[in-house]
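Every number in this text was worked out from the coordinates using simple rules, so none of it is lab data. Here the structure is a predicted model, which means the values were calculated and not measured. Quick reminder, even Gly has a Cβ in these numbers, built from the backbone with ideal geometry, and neighbours come from all protein chains shown.
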Amino acid sequence: MKSIKLKNIPERVSKKRNAGITMVMDKGLSVRETEDMLSVSGDYVDLVKFGFGTSYVTQKILEEKISLYASAGVAPYFGGTLFEAFVVRNQFEDYLRLLDKYKIKLAEVSDGSIEMPHDIKCEHIHKLSKYVTVLSEVGSKDVEKIFPPYLWIELMTAELKAGSWKVIAEAREAGNVGVYRSSGEVREGLVQEILTKIKGENIIWEAPQKAQQTYFIKLVGANVNLGNIATNDVIPLETLRVGLRSDTFGFYLGKGAKYISKKK
């Protein structure tokens, strides 16, 4: 039996996606919680980041969780903070061995917690890209560090050239740094200027808050790449993407709608 379809629902790119990516933050889920999350949301999750150093302190169940994600067509990877923890201790080769041990095919390179010359960061991206697919994060976790738009563009351009598959716009799990003000408000001028030089499909915008997700969906479209999504926000985000939540309800209706939504 065919499913009944609504008109004017935007077409979502199917997995395996290069655009419309949803990256979820796993901050220490149990095996059962991982199974439950995937049973409901697996079709809508593309990447899972083991946030900060959580993978290091949950090694007892890590292998089993990685297997669950892989079986669901979800690519798991270690958060950039763990990469920094290895690099700052001069253990880059050990980090490579860690990726190999767990058969992780994706790696995040960041410098949000340490001071790393950008050319050295790009060298790490280039080296890692020979072994795995690389994501690199741009922006600082320090709320006092505010990069001007031209610098965001320069850094992103250089990291993509060095071998990053996507660049991640830093926001932390709270969504209050980087491309956001401390209140969580989007730095709209910054975002729009970045998009004049960097293709949207090459950026994953960390957007843990609903208002942030709504902004990027309305700016870029249903197939914008969004990250740092909480595990219980995957389904709500998907309804935002396709106009089945009040915040984006009227966004795709067009002129043929019988009643016009107040929210556009």
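Brief remarks follow.
- Cα-based Rg / Dmax (Å) for the chain: 18.6, 63
- Ordering VAL191, VAL224 from the fewest to the most neighbouring beta carbons within 10 Å gives VAL191, VAL224.
- Average Cα contact separation per residue, region 1-154, under 8 Å, 6 or more apart, as relative contact order %: 16 percent
- Contour minus Cα-Cα distance for LYS16 and LYS101 (0.36 nm per residue): 28.2 nm
- Violating pairs (Cα-Cα greater than 23 angstrom) within the set LYS121/LYS145; LYS15/LYS197; LYS161/LYS210; LYS5/LYS166; LYS103/LYS197: LYS15/LYS197; LYS161/LYS210; LYS5/LYS166; LYS103/LYS197
- Considering only alpha-carbon pairs that sit under 8 angstrom and 6 or more positions apart, the relative contact order computed for the chain is 19 percent.
- Förster radius 30 Å - calculated FRET efficiency between SER67 and GLN91, Cβ distance, rounded to 0.05: 0.70
- The label point for LYS161 and the one for THR58, both projected 7 Å from the Cα toward the Cβ, are 3.8 nm apart.
- Volume of the Cα convex hull of region 5-66, divided per residue and given in Å³: 103 Å³
- Antiparallel bridge percentage (DSSP; both residues within the chain; nearest 5): 5 percent
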